[in-house]
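The values are calculated or read from the model by the stated rules, or taken from the named source; none is laboratory data. The structure displayed is predicted, hence computed values, not measured ones. Glycine gets a Cβ as well: all are built from the backbone with ideal geometry, and neighbour counts include every protein chain shown. Please note that ligands, DNA and RNA were not included when accessible areas were found on the heavy atoms of the full protein model with its side chains. Shrake-Rupley method; radii C 1.70, N 1.55, O 1.52, S 1.80 Å.
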Amino acid sequence: MNGNALTRRKLLSGAALGAGGLLSGCDALNKSPAFRGVLESAEGANMALHRSLGERMALAREFTEADLSRSFRGNGNRDIDTPEYQAMVAGDFASWRMEIKGLVNTPLSLSLDQIRAMPQRAQITRHDCVEGWSAIGKWTGVPLKLLLDQAGLQDSAKYIVFRCADDFSGTPYYESIDLVDAYHPQTIIAHQLNDESLPVKNGAPLRLRVERQLGYKHAKFITAIEAVESLASIGKGKGGYWEDSNNYEWYAGI
Ligand SMILES: Nc1nc2c(c(=O)[nH]1)N[C@H]1C(S)=C(S)[C@@H](COP(=O)(O)O)O[C@H]1N2
Ligand SMILES: [Mo]
């Protein structure tokens with residue numbers, strides 16, 4: 001067995017050990033009409049596609065408390081200089097709402113208390129930024145899958161877009177992922193870093209963790225989650241702020 005095959009096997013068996021999450025992730029994909037076609041075409045002859053779906057559902061490496069970085073850097077926008085956001089900070093984000101909208105059966109507007117009352121997942125993972133730094137942190141939040149299930153994704157939904165409260169020169173930050181990453185068991189909307197409420201610099205009160213992707217995909221300061229069929233009408237059409245402004249790859253898998 002060559003190194004790649006060995007790594008792949010380890011990844012897959014690691015994923016299988018996290019069985020609850022992985023299996024329910026796969027169940028969710030199976031039930032999603034948008035993905036049934038992909039899965040059906042993966043069955044039978046097309047093993048390459050099947051394997052790549054398996055690899056994409058594999059878990060990112062998780063670390064232990066002993067591995068935590070002493071401080072977790074804040075990068076990109078690290079605060080929001082508006083009276084509205086500063087009032088939210090002063091009020092402990094009690095009136096923050098995160099919307100779930102777009103191609104869903106039941107649009108939602110959730111408070112932090114409602115999000116904290118849902119089943120939670122904690123994970124210690126390494127964040128890798130394209131600018132050349134990494135940090136290990138413990139993230140706690142609600143699996144995105146549960147939020148999407150609660151809202152009821154419509155058949156036509158193919159991408160999940162994240163809307164953020166911060167901007168660069170007037171352009172709000174936004175990002176997007178496909179349904180494989182959206183249903184991945186380690187994809188969570190986090191409200192805690194290292195067992196404390198998410199610090200402002202790291203995207204308070206809510207930020208995405210999408211552990212198989214590079215840092216810029218991890219949208220901070222989330223105000224809305226929007227299910228869409230196409231990315232064409234989002235920003236300039238490449239699916240994210242840095243994708244549109246600086247030609248970063250939309251698929252930033254690691
Ligand atoms: N809303 C928003 N999300 C964002 C950014 C940002 O500037 N605004 N920067 C991205 C980049 S490039 C990285 S590396 C991470 C940094 O997360 P951190 O501040 O917790 O280190 O957030 C990402 N998500
Ligand atoms: Mo980054």
Response to the item:
When (1) open to solvent by 40 Å² or more (accessible area, probe 1.4 Å); (2) at pLDDT 95 or above; (3) not polar (S, T, N, Q) are applied to Ile254, the one that fails is (2)
Item to complete: Test each condition in (1) open to solvent by 30 Å² or more (accessible area, probe 1.4 Å); (2) closer than 27 Å to Trp250 by Cβ; (3) in a helix (DSSP H, G or I) for Gln114 and report the one that comes out false.
Response: (2)
Discussion item. Return the residues of region 131-147 that are surrounded by fewer than 21 Cβ atoms within 10 Å (Cβ to Cβ) and in a strand (DSSP E or B); say none if nothing qualifies.
Written reply: Trp133, Ser134, Ala135, Ile136, Thr140
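With respect to Val161, determine if the residue is within 22 Å of Gly239 (Cβ to Cβ), within 16 Å of ligand 2 (Cβ to nearest atom) and modelled with pLDDT of 95 or more. Let's see the steps before the verdict.
Numbers: within 22 Å of Gly239 (Cβ to Cβ): yes; within 16 Å of ligand 2 (Cβ to nearest atom): no; modelled with pLDDT of 95 or more: yes.
Answer is no for this residue.
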Practice prompt. Could you tell me whether Gly253 is touching a strand residue (DSSP E or B) at 6+ places or on another chain (Cβ under 7 Å), within 16 Å of ligand 2 (Cβ to nearest atom), among the small types (Gly, Ala, Ser) and within 26 Å of Ile124 (Cβ to Cβ)?
Written response: yes
Worksheet item: So which residues in region 200-243 are within 14 Å of ligand 2 (Cβ to nearest atom), open to solvent by 10 Å² or more (accessible area, probe 1.4 Å) and out of contact with any strand residue (DSSP E or B) (no Cβ under 8 Å at 6 or more places or on another chain)?
Response: Lys201, Trp242
Discussion item. For region 175-193, check the following and say yes or no: at least one residue is within 20 Å of Val130 (Cα to Cα), within 16 Å of ligand 2 (Cβ to nearest atom), modelled with pLDDT of 95 or more and open to solvent by 10 Å² or more (accessible area, probe 1.4 Å).
Written reply: no
Practice prompt. Might you check whether a residue that is in a loop (DSSP other than H, G, I, E, B) and within 16 Å of ligand 2 (Cβ to nearest atom) occurs anywhere in region 78-101?
Written response: yes
